[in-house]
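The values are calculated or read from the model by the stated rules, or taken from the named source; none is laboratory data. These figures come from a predicted structure and were not determined experimentally. Every residue, glycine as well, gets a Cβ built from its backbone with ideal geometry; the counts of neighbours run over all protein chains shown. For the accessible areas, the whole protein counts, side chains as well, though only heavy atoms, and no ligand, DNA or RNA atoms are used. Shrake-Rupley method; radii C 1.70, N 1.55, O 1.52, S 1.80 Å.
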Amino acid sequence: MDDLETRRIRNICILAHVDHGKTTLADHLIAASGGGLIHPKMAGRLRFMDYLDEEQRRAITMKSSSIGLRYKEYSINLIDSPGHMDFCSEVSTAARLSDGALVLVDAVEGVHIQTHAVLRQAWIEKLAPCLVLNKIDRLICELKLSPMEAYTRLLRIVHEVNGIMSGYKSEKYLSDVDSILAGSSGELGANVSALKKALWGPRYFNPKTKMIVGKKAMAGGSKARPMFVQFVLERLWEVYGAALETDGNKEVLQKVNSTFNLTIPARELSNKDPKVVLQAIMSRWLPLSDAILSMVVNCMPDPIAAQSFRISRLIPKRDIIDTGVDTNVLTEADLVKRSIEACDSRPEAPFVAFVSKMFAVPSKILPRSHGETTSVFTDDGGDGESDECFLAFARVFSGFLFSGQRVFVLSALYDPTKGESMHKHIQEAELHSIYLMMGQGLKPVTSVKAGNLVAIRGLSHHILKTATLSSTRNCWPFSSMAFQVAPTLRVALEPSDPGDIGALLKGLRLLNRADPFVEVTVSARGEHVLAAAGEVHLERCIKDLKDRFARVSLEVSPPLVSYKETIEGEASSVLDYFKVLSESTDCVTKKTPNGRCIVRVQVLKLPPALAKVLDENSDVLGDIVGVKLGQNYKNLETKRSSLMENENPTEVVKKLIADAACTDLSSKDDHEGSRVDKHNALWSKLLKRIWALGPQQIGPNILISPDPKVKDPDGSVLIRGSPHVSQRLGFVDDSLNGNLDPKTSLEGDMSSAASPEGTQTQCMEAASLENSVLSGFQLATSAGPLCDEPMWGLAFIVDVSISSLSGNSDESESPFQPDNNAIFSGQVMTTVKDACRAAVLQKKPRLVEAMYFCELNTPTEYLGPMYAVLARRRARVLKEEMQEGSPLFTVHAYVPVSESFGFADELRRWTSGAASALLVLSHWEELCEDPFFIPKTEEELEEFGDGSSVLPNTARKLIDTVRRRKGLPVEEKVVQHATKQRTLARKV
């Protein structure tokens, strides 16, 4: 019986591009199956799921919200999600708790960039997608298309969606179309199942033979119409024409009313507004809710079937390396995983649930049982002054959940096989109340079984954003959710009244818990920095802080834009690498203050593809190298694109790095085979000498250890380092590790030394200073010489040699060893950092800025103003194309992040609101301008003179802006127009 009830549950979410009709569709479904929450005439106007004031004011969805529907004997949990890119985190939380997705596409606008994003999110979370072609009436009323033209347009949308899904190695997306005219199947002489299969596609109905044939078998030739046009679209066009046109045939409406026995009140049919008449007929002839919900019931899986398919995504397979793990722990963890896979809803089954986000609601709207007071609901963890209550948005994947139950809260880093060492990643909590979510309201319940969505109160002190709930300690946590973008827009906040700093800190803590995507940090200067996904997201966060969480007046800084630093040009020539590595003229040499250590640094630019691979797979590299990343909001979409399931991440990343290092340049020198071979051989050697990555040990910069074949200088010892990263990635064979191990080389140096005592001391000192070299490299790559921004795509070859103490001052030998070791290591660290920064300055440094991919839609008459706005924002237009069958142009462009603030408002102002733009973080791009430009050639000298009158270029302006914000010195004229001082007194 329990299995039968579970199989009658459907968990679905609505995904689409912004303004494609998600919330309006949800309104119609609620009006038909929501138990009278919305009157059918208010559907589409009320926006029931958008219960926030800001959502109603902006007319966009900002929070994913859930509601329970009843359709026949089925229970459907519907989640409405935002379409704006700024709130993509809400899409991720909705997709994790769902089993299927209704993907809406506007029939006029077609597939847009956010449609690609939600399709990818559905594929990542292993959801069953169903395509809904929305706003087909716009093809009739606005574009005035014929049925055949409309069919061609719809067919192109379906093919485009199929193409997107086939790129993800998925099955065909749309296999058939449900017949909306099933009543006519008897007239055609075909059964319903045969008609459904033949209704969509290049199939035609021969009225003479009453057979469904292909186009070649039709005698009509080019005039023949597909069955979908003949029996579906043409009938719709007739009804619309009869209702909306002044000279329309009103008998068609009466025929539809009588043929299908529609109960339409006479006052609605006699209404003077043709739209009211049309809506009355269409809502009863082809009800939207029946078509959508029947597709949901028939085409989307129930929780039992869905969880068995999604288990590899929810709880990935883990390889147990430690052989000393308790077998009872593994047995119980495997039992829990099988219960999740089977969606076991028995009371004795282990309870497991996943919390995808925490959301805040006013405590006054919570249903209270008799005797409860308002103070019970202040779960802010503070002094009880906040009237916000935090609930957990969760889904039960196994077992039974009841009020008052004690559960274990597991973080994403929890590992049941490590026992007590995981104590900080597991907590025990008691669940206070359980609610079923009904859009704006909450319905208290005593228990919920597996397969249902639920809101839980009592976890605000234990969960920051997401967590796994389990009735047993021996349970693997669910995998982290994949976000489409990263929070890139940062601002510094401070209260207008310094005395309100405590309220601000409390408000930031509450906001960080309430929003799944926001980041709150403290900068090196002590500023409280708030990171959001975009301008709309940031505006909503600031409003929530002022009105709900902090309730104080705030001062918001201009956006803090992140940059990177690199050197000029691409490594396009193999000879350049040989020149850098063979000649010492390009290296920077520095000495420590005591003169004992000499640091030589050479820097070269990585191939762009290699830098991109290192940056996109930084989270995977962190796991491989052994770096503790903590809670990382890295864009996991790129990780999933690079790493397929059931593959060894180390091998995949190793192949990506090797291919990027070798093929990026060889493609430019294909005609010179010898140079390609030399280049590949050179990079294969360099990849075996990767000592570390930076900054933060996972960045897109490489520290290359000295060549092991190079001998120590006379009287000095070279700090050899260890190819640690190369060993972890598998570029160095295990059999060769001994030859590259620093201890082995150290013993070799000692055994071959002529003076054992002095050389042995130097070798021990060199081994102890390896961490100082690494720290200097990390400091240099985290703060470049231009404006203290992280470096990007650089490889540093650092040779550090330590000389012996001066031979003629024997009495000074003893003080160096015990007391000055810490001082000497600090000097080495500082010298390595300064040498790396100086090497970058010597190689013509360049600034790297983040770029947005911008998709714009605008009518023809506003193309000129739109291009003017793009030109003022330093945008680079990629392509421009006209949407077929519409007056809209689609323009793709790259816009710098630093120029994107206020872009949407300016675009609306200059185009009178006709143009719309969507920004998605795309890539990092080098600014070609030299920030330290000085005229040198004859043409430059002729144009600019000696350079004193050269205005600062864009790169220099950006650098000065960042340096001024960070309090670094800036070369600028303090006085622009000097005049003689005047006194106020007027002496005659």
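Data overview
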| quantity | calculated |
| --- | --- |
| Every residue from the range 317-346 that is assigned to a loop (DSSP other than H, G, I, E, B) and either open to solvent by less than 50 Å² (accessible area, probe 1.4 Å) or within 29 Å of His28 (Cβ to Cβ) (or both) | Val325, Cys343, Asp344, Ser345 |
| Matching residues, the range 495-548, being farther than 24 Å from Ser460 by Cβ and touching a His at 6+ places or on another chain (Cβ under 7 Å) | Val536 |
| Residue selected from the range 891-916 under the condition over 24 Å from the mean Cα position of the chain (by Cα) and open to solvent by less than 60 Å² (accessible area, probe 1.4 Å), by the criterion farthest from Leu145 (Cα to Cα) | Glu906 |
| Per-region count, the range 260-303, residues touching a Gly at 6+ places or on another chain (Cβ under 9 Å) and open to solvent by less than 40 Å² (accessible area, probe 1.4 Å) | 5 |
| Criterion violated by His892 - all others in (1) modelled with pLDDT under 90; (2) not in a loop (DSSP other than H, G, I, E, B) satisfied | (1) |
| Search result, residues across the range 51-79 that are open to solvent by less than 10 Å² (accessible area, probe 1.4 Å) and part of a helix (DSSP H, G or I) | Glu55 |
| Hey, Ala871 of a type in the set (Gly, Ala, Ser), at pLDDT 90 or above and open to solvent by 50 Å² or more (accessible area, probe 1.4 Å) or not | yes |
| Filter pass, Ser886 being closer than 22 Å to Asp19 by Cβ, at pLDDT below 90, among the hydroxyl-bearing types (Ser, Thr, Tyr) and more than 28 Å from the chain's Cα centre (by Cα) | yes |
| Test: residue in the range 610-630 that is at pLDDT 85 or above and over 20 Å from the mean Cα position of the chain (by Cα) | yes |
| Some residue of the range 28-39 being assigned by the TED database to the domain that holds Val118, crowded, with 23+ Cβ neighbours inside 10 Å and either charged (D, E, K, R) or assigned to a loop (DSSP other than H, G, I, E, B) (or both) | no |
| Residue list for the range 450-465, filter: at pLDDT 90 or above and either open to solvent by 40 Å² or more (accessible area, probe 1.4 Å) or assigned to a strand (DSSP E or B) (or both) | Leu453, Val454, Ala455, Ile456, Arg457 |
| All positions within the range 95-139 that are assigned to a helix (DSSP H, G or I), open to solvent by 10 Å² or more (accessible area, probe 1.4 Å) and touching a strand residue (DSSP E or B) at 6+ places or on another chain (Cβ under 6 Å) | Ile113 |
| Count - residues of the range 19-32 that are touching a helix residue (DSSP H, G or I) at 6+ places or on another chain (Cβ under 6 Å) and either closer than 26 Å to Phe397 by Cβ or not small (Gly, Ala, Ser) (or both) | 2 |
| Criterion violated by Glu149 - all others in (1) at pLDDT 75 or above; (2) closer than 20 Å to Val103 by Cα satisfied | (2) |
| Filter result for Asp712 (open to solvent by less than 50 Å² (accessible area, probe 1.4 Å), at pLDDT below 85 and of a type in the set (Asp, Glu)) | yes |
| Positions within the range 506-547 being outside any helix (DSSP H, G or I), within 13 Å of Lys465 (Cα to Cα), open to solvent by less than 30 Å² (accessible area, probe 1.4 Å) and not aliphatic (A, V, I, L, M), in sequence order | Asp515, Pro516, Phe517 |
| Single residue of Ala412, Ala392, Ala429 found to be under 29 Å from the mean Cα position of the chain (by Cα), in a strand (DSSP E or B) and of a type outside the set (D, E, K, R) | Ala392 |
| Subset of the range 577-593 that is surrounded by 13 or more Cβ atoms within 10 Å (Cβ to Cβ) and assigned to a loop (DSSP other than H, G, I, E, B) - its residue that is modelled with the highest pLDDT | Thr592 |
